[in-house]
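The values are calculated or read from the model by the stated rules, or taken from the named source; none is laboratory data. Everything quoted here is computed from the prediction, not taken from an experiment. Neighbour counts are summed over all protein chains in view; Cβ atoms, including those assigned to glycine, are modelled from backbone coordinates with ideal geometry.
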Amino acid sequence: METIELFMTAVAMSVAMIPEGLPVVVTITLAIGVSRMAKKNAIIRKLHAVETLGCTTVICSDKTGTLTRNEMTVKAIYDGHDDYEVLGSGYEPVGEVRHGNLEAGPLQIRAGSNLEMALRIGLLCNESALVKQNGAYTVKGDPTEGALIVAALKAGLDLEKEKREYPQLSIIPFESDRGYMATLHEHDGKRLVFLKGAPESSYTYAPWNDRLKNAACPICSG
């Protein structure tokens with residue numbers, strides 16, 4: 001028997017072995033499965049997905065924006081010397097920065113302080129924007145960067161003034177493999193690099209890195 005005849009015979013036997021009503025039964029079974037899952041608030045758009053879902057043992061789901069509002073807020077700041085509390089929530093720039101003790105009252109940010117510089121870096125080393133629409137504040141961009149902008153505004157920093165006094169010359173955008181973002185600015189005839197990112201990626205560029213040597217050091221040199 002030739003190869004083509006063997007192939008045709010195998011196909012014919014395969015077709016003959018499948019019950020005529022099997023496709024209909026499978027379709028009805030899947031439809032029943034879809035109906036039962038819909039009653040449990042699990043909506044299936046494609047019928048054939050029911051079979052795959054039936055074999056699933058673990059479902060990983062991002063609940064950001066479902067259980068939460070997809071908003072981030074800076075609540076505490078450590079400048080290398082002191083702790084600060086940031087009041088207010090959401091993206092509305094209404095709140096105060098207080099020095100550790102909430103009963104101490106609003107803090108007047110000292111010019112040239114570590115805290116002021118930390119807030120400035122968060123404000124200017126940033127690619128997002130705070131937008132007010134229909135009386136509500138939203139962030140155009142990354143929620144984390146939006147939270148940094150709001151924290152700086154709560155502390156009294158003026159975005160437009162900061163941009164004028166520290167004009168941006170260049171930028172290294174954030175990338176996950178690099179772990180940080182950096183911007184180059186000019187101020188009083190000098191050039192400054194503002195950097196933010198993961199500690200393990202950022203500390204390499206800190207001025208105290210050479211003397212780190214497993215010792216505890218301030219996270220900001222001012």
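A few points about this structure:
- Against the test of being hydrophobic (A, V, I, L, M, F, W, C), more than 23 Å from residue 180 (Cβ to Cβ) and either modelled with pLDDT of 85 or more or not assigned by TED's automatic domain parsing to the domain that holds residue 203 (or both), the options 139, 74, 131 yield a single qualifying residue, 131.
- Spans of strands (runs of 3 or more DSSP E) in segment 128-186 with at least 2 residues under 20 Å from residue 73 (Cβ atoms) and under 21 Å from the mean Cα position of the chain (by Cα): 129-133, 136-140
- Answer from 51, 71 - the residue that is loosely packed, with under 13 Cβ neighbours inside 10 Å and not β-branched (Val, Ile, Thr): 51
- A single entry from 170, 128 fulfils the requirement of being touching a Ser or Thr at 6+ places or on another chain (Cβ under 8 Å), without any contact (Cβ under 8 Å) to a residue 40 or more places away in the chain and not aliphatic (A, V, I, L, M): 170.
- Scanning segment 156-179 for residues that are of a type outside the set (Lys, Arg), closer than 21 Å to residue 116 by Cβ and out of contact with any Asp or Glu (no Cβ under 8 Å at 6 or more places or on another chain) yields 156, 158, 159, 160, 162, 165, 168.
- Subset of segment 111-120 (residues that are in contact (Cβ under 8 Å) with a residue 12 or more places away in the chain and surrounded by fewer than 22 Cβ atoms within 10 Å (Cβ to Cβ)): 112, 113, 114, 116, 117, 120
- Complete set of residues in segment 75-97 that are in contact with a strand residue (DSSP E or B) (Cβ under 9 Å, 6 or more places away or on another chain) and either without any contact (Cβ under 8 Å) to a residue 40 or more places away in the chain or of a type in the set (Gly, Ala, Ser) (or both): 75, 76, 83, 84, 85, 90, 95
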